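Please read the structure below before turning to the comments.
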Amino acid sequence: MNCAFVGLGAMGAPMAAALVGAGHAVTGFDFSEKALASLEAAGGSRAATASAACAGAGALVLMVVNAAQARAVLFEGGALEALPPGALVLSSVTMPTDDAVAIGAEVAASGRLFLDAPVSGGAVGAAKAALTFMAAGSAEAFAAARPLMEAMGAHVFECGDAPGAGSTMKMVHQLAAGCNLAVAAEVMSFGSHLGLDPQRVLDVLNVSAGGSWMIGNRGPRMLTEGEEATSAVDIFVKDLGIVMDAARANRFPVPVSASALQVFLGASGAGYGKHDDSQATRFYEALGGKAVRREE
């Protein structure tokens, strides 16, 4: 299939490369010259604009940061209009449910298909083509998107027959991920503050009941400066903010999520918003705690 791909970041770049590896012709757009060069090195082609990437494409994969960027690409940037009638928009953007519903309706009204399909797995999962897709949309959209999702991921979950349910599932997932990461940051920071070797704290947790996937994955990165972000602190500021907004709208208490959000807000406010999300530990450091990271 001729595919357009917009958003060639830490996850988007390997996702596009996986599509190329599966035999799809991929034309990508990103504001980063490095990202475009990486796509070309993987066998894809670059475009000067998002709309140019979409010209004649059977599908557009969107991997931008939020709903505002998705709207800018699709409607303001002319990408949707450039897609042929009946083409697919595969949105892997993490956004509030209402935005996914509204964007899906606008795409459908234009005569194109829309699948609300955010992902989990991070840059590592993307590089291994082992992402998890949480998808919702029509049967026609699923049929068009499945070969693409299977090329980029290991798991495809059908969460509903209309846009919105995929984004809701991703929001619930991010609640779990964000709270787990905040706990990991607190555990590593508390142990370090009490004089324990942070590497030894990590070693014990990784073979004990108190461990978790998030501690095992982010713990080693907490021992570094975290300047090479695969998922930034500000991503969880955004995603847990989505959780809080939905909880408020639905009158559902999420006290653990509210506390976790403060950890990421604190790290971001201390100047580490663009650092790797493992640097949530900087929140505790800013309060007078000892640094978890080690000098090179």
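Summary of computed values
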quantity: Amide H contacts under 5 Å for Val156, placed H, 5+ residues apart; calculated: Phe133
quantity: Proximal lysines relative to Lys128, as straight alpha-carbon distance under 25 Å, when same-chain residues fewer than 8 apart are discounted; calculated: Lys34, Lys170, Lys274
quantity: Test item: Cα-centred dipole of region 227-296, Lys/Arg +1 and Asp/Glu -1 on Cβ, debye; calculated: 360
quantity: DSSP beta bridge pairing in the chain, given as percent antiparallel to the nearest 5; calculated: 15
quantity: Per residue solvent-accessible surface (Å²) - region 38-153, probe of 1.4 Å; calculated: 36
quantity: Length-normalised contact order of the chain in % [C-alpha pairs under 8 Å, at least 6 apart]; calculated: 14
quantity: Region 185-255, relative contact order in percent, only Cα pairs under 8 angstrom and at least six apart counted; calculated: 19
quantity: Percent carbon-and-sulfur accessible area, region 45-155, ignoring ligands, DNA and RNA, probe 1.4 Å; calculated: 58
quantity: Summed side-chain charge close to Arg46 - residues other than Arg46 whose Cβ falls under 14 Å, Lys, Arg +1, Asp, Glu -1; calculated: -2
quantity: Per-residue SASA entry for Ser257, accessible area with 1.4 Å probe, Å² rounded to 10; calculated: 0
quantity: Loop GluC sites (Glu not before Pro), region 195-286 (other Cβ atoms within 10 Å of the site Cβ: 12 or fewer; DSSP); calculated: Glu227, Glu228
quantity: The chain: Cα Rg divided by the 2.2 N^0.38 Å rule of thumb; calculated: 1.03
quantity: DSSP beta bridge pairing in region 5-126, given as percent antiparallel to the nearest 5; calculated: 0
quantity: In order through region 33-44: 3J(HN,Hα) via Karplus (6.51 cos²θ - 1.76 cosθ + 1.60), integer Hz, x for Gly, Pro; calculated: 5, 4, 5, 5, 5, 5, 5, 4, 5, 7, x, x
quantity: Fraction of accessible area attributable to carbon and sulfur, region 222-296 (%, probe 1.4 Å); calculated: 55
quantity: Percent RCO, i.e. relative contact order, over region 243-296, from Cα pairs under 8 Å lying at least 6 residues apart; calculated: 23
quantity: Alpha carbon Rg of region 78-152, scaled by the compact-globule rule 2.2 N^0.38 Å; calculated: 1.11
quantity: Per-residue HN-Hα couplings for region 93-103 [Karplus 6.51, -1.76, 1.60; θ = phi - 60°; Hz; x = Gly/Pro]; calculated: 8, 7, 8, x, 4, 4, 5, 4, 5, 5, 5
quantity: Stokes-Einstein diffusion coefficient of region 143-205, Kirkwood radius over Cα pairs, 37 °C, 0.692 mPa s, in µm²/s; calculated: 220
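The values are calculated or read from the model by the stated rules, or taken from the named source; none is laboratory data. Treat the numbers as computed from the prediction; the structure is a model and nothing was measured. As a convention, Cβ positions derive from the backbone with ideal geometry for all residues, glycine included, and neighbour counts pool all protein chains shown. Ligands, DNA and RNA are excluded from the accessible area calculation, which covers all protein heavy atoms including side chains. Shrake-Rupley method; radii C 1.70, N 1.55, O 1.52, S 1.80 Å.
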